Amino acid sequence: MQNPIRVTVWNEYRHELVNPKVAAIYPAGIHAPIAAHLQAQGMVVRTATLDEPEHGLSAEVLEQTDVLTWWGHRAHKEVRDEVVDRIQQRVLQGMGLIVLHSGHFSKIFKRLMGTSCDLKWRENNERERIWVIEPGHPIAAGLNEHFEIPQAETYGEPFDIPAPDTLVFVSWFQGGEVFRSGCCYHRGKGKIFYFRPGHETLPIYYQAEVLQVITNSVRWATPVDGPKIHFGNLKPPLEQVLREG
Ligand code: ZN
């Protein structure tokens, strides 16, 4: 039997403490329903938040994390650079990273993408229709051709990200915008997935399809035992090189 996947669900955890509307939807924090769902899938789950020492992401915690999920919004700037450095190193070594919704503006996502990661947005509770455009991708497992989020914050293109290695989902919004809402990347040995849905004033992280995608993406981003890579000088060659003449 394979070892269970070890997930750390990270949440900024500020809106819930100051905004009663958010607290009513996520009384134990946005991280709570995500962590509970992943745990119910047999994963070993811990949570971590911004105001814990080292944001709950000590070297030891990250060492024991196969996949880190990230939700942040109002306090991206408060995430300490040394913790961002540490997460980046772990991703390059193979840790998976799932970046949710407003996490597009997190230091770690911008660091790993190398672009502004800016986008257009509108809070208007519009319907979002998410289309699966890579039906064979593991992150789309168990979904229909499309699913709807009844009320969502609108995001619009252009989304200033590098072209994804694989684009799994595209969103349409009632107001006319479209958005690349499920984007896969590789950085070093690590896999990264950006997933758009989720807003602090809407109960989106209770929706079955959204939780299914998060589960699928954690499984996809789990590190595999790949070859040990040696960089640098390749002398001598693996075979004798014969030269003519
Ligand atoms: Zn939002």
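The values are calculated or read from the model by the stated rules, or taken from the named source; none is laboratory data. The shown structure was predicted, so the numbers you read here are calculated from the model rather than taken from an experiment. The area values use the complete protein model at the heavy-atom level, side chains included, leaving out ligands, DNA and RNA. Shrake-Rupley method; radii C 1.70, N 1.55, O 1.52, S 1.80 Å.
Data for the structure
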| item | result |
| --- | --- |
| Whole-percent carbon and sulfur share, accessible surface of the range 82-202, 1.4 Å | 48 percent |
| DSSP H segments from the chain that extend 15 Å or more along their own axis, Cα-based, with Kyte-Doolittle mean of -1.0 or above | 81-93, 208-221 |
| Alpha carbon convex hull of the range 89-135, projected area averaged over orientations, nm² | 5.0 nm² |
| Where only C-alpha atoms are counted, convex hull volume of the range 1-44 per residue in Å³ | 47 Å³ |
| For the range 66-180: rounded, prolate or oblate by the Cα gyration tensor [a/c cutoff 1.5] | oblate |
| P(r) tail fraction, the range 100-245 - alpha-carbon pairs more than 20 Å apart, % | 53 percent |
| Length released on extending from N144 to R243, taking residue separation times 0.36 nm less the Cα-Cα span | 29.9 nm |
| Heavy-atom accessible area per residue - the chain, 1.4 Å, Å² | 50 Å² |
| Gyration tensor (alpha-carbon) shape descriptor, the range 158-223, a/c threshold 1.5 | oblate |
| Under-5 Å amide H pairs with T69, H placed in peptide plane, nonlocal only | T8, V9, W10, I98 |
| For K191, distant residues with modelled amide H under 5 Å away | G96, L97 |
| 3J(HN,Hα) from dihedral phi, the range 56-66, Karplus parametrisation 6.51/-1.76/1.60, rounded to Hz, x for glycine, proline | x, 10, 5, 4, 5, 4, 5, 4, 9, 10, 7 |
| Cα shape, the range 26-70, gyration tensor, a/c 1.5 rule | oblate |
| Volume per residue of the C-alpha convex hull in the chain, rounded to whole Å³ | 173 Å³ |
| Karplus (6.51, -1.76, 1.60) ³J(HN,Hα), θ = phi - 60°, over the range 168-176, in Hz, Gly and Pro reported as x | 8, 10, 10, 9, 10, 10, 4, x, x |
| Orientation-averaged projected area, Cα convex hull of the range 1-137 (nm²) | 10.4 nm² |
| Theoretical ellipticity at 222 nm over the chain - DSSP helices of four or more residues, -39500 (n - 2.57) apiece, nearest 500 | -6500 deg cm²/dmol |
